[in-house]
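Read the figures in this text as sums done on the coordinates, not as results from a lab. This is a predicted model, so every value here is computed, not measured. A quick note on method: Cβ atoms are made from the backbone with ideal geometry, for glycine too, and the neighbour counts reach across all protein chains shown.
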Amino acid sequence: MELLVASAVGILTAAGVYLILRRRSFPVILGLSLLTYAVNVFLFATGRLVTGAPPILNKYEEVAYTDPLPQALVLTAIVISFGMTAVVVMIALGAFLSSRDDGTAMPVETDGAEEDA
Amino acid sequence: MEHLLIAPVVLPALVAPFIIMVLRHHLDLQRIFSLASAVLLAGVTLALAAQAADGTVKVYELGDWPAPFGIVLVLDRLSAMMIVLTSLLALPVLLYAIGSGWDTRGSNFHALFQFQLMGIMGAFLTGDAFNLFVFFEVLLIASYGLMIHSGGTRRFQAGVQYVVFNLLGSTLFLFALGTLYSVTGTLNMADLAVKVAQIPAEDTALLRVGAVMLLLVFAIKASLLPLHFWLPSAYANAPMPVAALFAIMTKVGAYSILRIYTLVFGPEVEATAGLTESWLLPAALLTLGAGAIGVLGSKKLGRLAAFGAIASMGTLLIAISLFTQTAAAAALYYLVHSTLAAALLFLVADLVMERQGPWILPQLPMPQTGLISALFFAAAIALAGMPPLSGFLGKLLVLDATRGAALAPWIWGVILLGSLVTIIGMARAGSLLFWKGHGLPPEDTGTSAEPPVDTLPARPAQLPFVACFGLLGGLVALTVFAGPATRYAEATAAQLYAPSAYIDTVLGRTAE
């Protein structure tokens, strides 16, 4: 299982980085999403991988349990990344609609010519 | 009054939704509430600073959970200083935004401003690494909104770049926190300090990885050289009052480096020894150089101010990266100065840009040119670190603190040369903007866009000047009261380099 989780994190990260380097807003947003999936899985793994155990400590009997803290962290991270994705989609859409260009690089400035800011 | 400690976070967190939901269509009421909140915040932070001034560490346990299990807010001299600086910066910036009408050029300015303050205050107060991440995200979400406030193609394009880059930073932050958690099993900073010191040196490979990733994240925030490239276009295209508020955001990165790398990965921790010293210092030197050259080469006023901010971050990070107590004291003094100076420069840049457009070109004299040029002169002197303003004292302190360092000739050379290049760049921009235009015939204003003078409101806007002179007054006060200020900074640095009191208080191990 460790190998599976580790390679999942690795592949997701690699794909995310590749997509971000494409420098067009749609692939970049997809890449960011993949990266956040990767980091969520990674956070899960930081509490050690345990199968089929609840994240609850039972004080009446000796049962297997898994570390609850990474689950709380992942929950927070999911909410935040969800909100962030919505924000970045809206801003990228605004940039695309006002410039008809979905590149994420800044266009070169020309001295004294056009001006809109 | 023990609940006062959470007030800097709760107050803006209550005012902001109130502004959005109740005062959505009442601009005047929004302004009143926003200003009242900022004034109240200044009062609260000053009261907190008075509590922390005698060197006690105060802990606020959220939900009354004891420290390593619950989230804590911690007030010591450093965080008290940072929150006071934030609230005292926010007040003139808000005045400026109201006076210049920036808050009318888009919706929800005041609510976003309050959320931004909440995030910054929280980041300075929190004593938990994951909570630091959460407050980073709060301040970043608000900053995304403020960054694209009032729209425009270039602003959107710069905004996309800014958001994407910061999201990458956030992801890296989570990876770093996950790594640290997997090694130590805790994310409370005080508890981390205890656990990290206990790990034997041969088992620290993962810990090093986590420490380096964390440093990278803070370096992104602090715009350290290879990771600085998001800053110029983001700040130059943001509304200038927003950029002035952002002057404290780069300091959040500097603060986090100072906090984590004195408390958790302190100088005596074997696992990460030499890590920061060998990388941070050269990068900081390069940052200062890049900032100074950028000031000299900028064609637009906004970029000039942004590169000025990078140059001052370079000086600050040089002082921080030495990790000695005297250098930290110098860094803290310079941190206050550079925040105020960078904010002042951004506001003055906006005064000029509103009248003449963004390009640094000889143009006809503008309205109130005398006052504005005087302010620009003061801001340039402050940022370049020339006497008589506090930038000079700050740089002197930094130079003095670096005398014994191994790289001292390099540091001295870069700081002095950087100041020279910065002052040349400022002088060039100032003489082009304020002097050359006087000789121009009226029709020869060049190819630049028409100065948008006719779009200015007819009323004489005094509030922007009040705000600028307020910031300038802060700089002058920092110069006049340099003695008490440096004593405070020294005591703060001493507290930073003796973290056992902090750790004991947070973990509740005081003998009481």
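Things worth noting here:
- Candidate set from the range B:179-194 (those that are among the β-branched types (Val, Ile, Thr) and more than 10 Å from chain A (Cβ to nearest Cβ)); member that is nearest to B:GLU137 (Cα to Cα): B:THR184
- All positions within the range B:244-294 that are acidic (Asp, Glu) and buried (at least 24 other Cβ atoms within 10 Å of the Cβ): none
- Residue selected from the range B:1-29 under the condition part of a loop (DSSP other than H, G, I, E, B) and of a type in the set (A, V, I, L, M, F, W, C), by the criterion surrounded by the most Cβ atoms within 10 Å (Cβ to Cβ): B:LEU23
- Residue in the range B:226-235 that is outside any helix (DSSP H, G or I), under 27 Å from the mean Cα position of the chain (by Cα), touching a residue at least 24 places away in the same chain (Cβ under 8 Å) and surrounded by 21 or more Cβ atoms within 10 Å (Cβ to Cβ) present: yes
- Lone qualifier among A:LEU73, A:LEU35, A:LEU43, A:LEU30 - being part of a helix (DSSP H, G or I), away from every other protein chain (no Cβ under 11 Å), out of contact with any Lys or Arg (no Cβ under 6 Å at 6 or more places or on another chain) and of a type in the set (A, V, I, L, M): A:LEU30
- Of residues in the range A:18-75 being touching a residue at least 60 places away in the same chain (Cβ under 8 Å) and touching a helix residue (DSSP H, G or I) at 6+ places or on another chain (Cβ under 7 Å), the one surrounded by the most Cβ atoms within 10 Å (Cβ to Cβ): A:VAL28
- One residue from B:LEU317, B:LEU351, B:LEU371, B:LEU375 being assigned to a helix (DSSP H, G or I) and within 15 Å of the chain's Cα centre (by Cα): B:LEU317
- Within the range B:413-431, being under 16 Å from B:TYR334 (Cα atoms) and of a type outside the set (Ser, Thr, Tyr) holds for B:ILE415, B:LEU416, B:GLY418.
- Any hit, the range B:372-389, residues being within 14 Å of chain A (Cβ to nearest Cβ), touching a Gly at 6+ places or on another chain (Cβ under 6 Å) and not aliphatic (A, V, I, L, M): no
- With respect to the conditions (1) at the interface with another protein chain (Cβ under 10 Å from one of its Cβ atoms); (2) part of a helix (DSSP H, G or I), A:ALA15 lacks only one, and its number is (1).
- The condition (being among the small types (Gly, Ala, Ser), part of a helix (DSSP H, G or I) and more than 14 Å from chain A (Cβ to nearest Cβ)) is satisfied by just one residue among B:ALA197, B:ALA176: B:ALA197.
- Summed over the range B:123-151, the residues that are more than 16 Å from A:ILE91 (Cβ to Cβ) and within 14 Å of chain A (Cβ to nearest Cβ) give a count of 12.
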